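Worksheet: one structure, shown below.
The values are calculated or read from the model by the stated rules, or taken from the named source; none is laboratory data. This is a predicted model, so every value here is computed, not measured. Neighbour counts are summed over all protein chains in view; Cβ atoms, including those assigned to glycine, are modelled from backbone coordinates with ideal geometry. Accessible surface areas use protein heavy atoms only, side chains included; no ligands, DNA or RNA. Shrake-Rupley method; radii C 1.70, N 1.55, O 1.52, S 1.80 Å.
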Amino acid sequence: MITEEQVKALQSEMEGNGENQAQMAYRILEEMIVTLKLPPGSKISEKALNRSLGFGRTPLREALQRLAIEGNVKILPRSGVIVSDIDLSDQLNMIEVRRELEKIIAGRAARLAMEDQREVFLKLADEFDRAARQNDGNVFIETDREFNSLCIETAQNKYVSYAIGPIEAQTRRFWYLHFKRFGDLQRVSQLHAGIARAIAANDEAGARDASDKLIDYVEEYTRKTLQFMGGL
């Protein structure tokens, strides 16, 4: 389970962002599911969550219903809540949709990025380079989280933000399960750096092209994983 210190840190951050208890509960539970602290197939106890997270029944149930809609959990009558398995056979279908959404986000972010945002994108590109140079997964994960958030903020389109959210969650779950075994951290870091630098240059076409190259790689490593796992 997530530690008490991590919960307090997340709650402090989210309170600062003005999030309500249901939103906080959702983000904390999603983080626990994505990072496999709540692995596929595990049963979620509302009473245990209430004790460990300190949220009431209503916020927890709202959070679990949202997670169910996104496919992260299954709510079973009289059986409780189960963390969903990752559907390996559906990964390529998801990537097909992700490709188009990511291009929209990258293109809009490049077109709309202001000077202060462009400076941050350049710093993030440098951090992606550092992750590649040091082959450091922790640096990549933290940088990627900030990068994705800034891309959504800069793109200024709530509809694409709603659409990409569940896909990002499933993508991260797949990452935590399989990337260390089948992925290339240096390559994926460099591809992210390319998108960040194109956005920083207000190069819309370049950002869309760089996004496509990243998804080409994601599809490549996903196919490799599926072939090994017997999913293709």
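Annotations
- Stokes-Einstein diffusion of region 121-167 at 10 °C, 1.306 mPa s viscosity, Kirkwood radius from Cα pairs, rounded to a whole number: 138 µm²/s.
- In the chain, the longest principal axis of the Cα atoms and the axis of helix 158-182 are about 90 degrees apart.
- Ellipticity at 222 nm from helices only: DSSP H runs of n ≥ 4 in the chain, each -39500 (n - 2.57), divided by the residue count, give -25500 deg cm²/dmol.
- Per-selection metrics, region 76-140 (Cα): Rg and Dmax in Å: 18.4, 54
- In the context of the full set of protein chains, residues of the chain present 53 Å² of accessible surface per residue (probe radius 1.4 Å, heavy atoms only).
- With respect to the chain, whose longest principal axis is taken over its alpha-carbon atoms, helix 204-229 is tilted by about 50°.
- Bins of 10 Å from zero: percent of alpha-carbon pairs in the chain: 7, 29, 35, 23, 5, 0
- Centre-to-centre, using Cα atoms only, region 192-232 and region 109-159 are separated by 14 Å.
- Dipole of the chain, positive end: most advanced residue of LEU112, ILE195, ILE141 [Cβ charges, Cα centre]: ILE141
- Using a cutoff of 8 angstrom between alpha carbon atoms and counting only pairs six or more residues apart, the relative contact order for region 76-188 works out to 37 percent.
- Nearest-ten-degree value, helix 57-69 long axis tilted from longest Cα axis of the chain: 50
- The chain, accessible surface, carbon-and-sulfur percent (1.4 angstrom probe): 47
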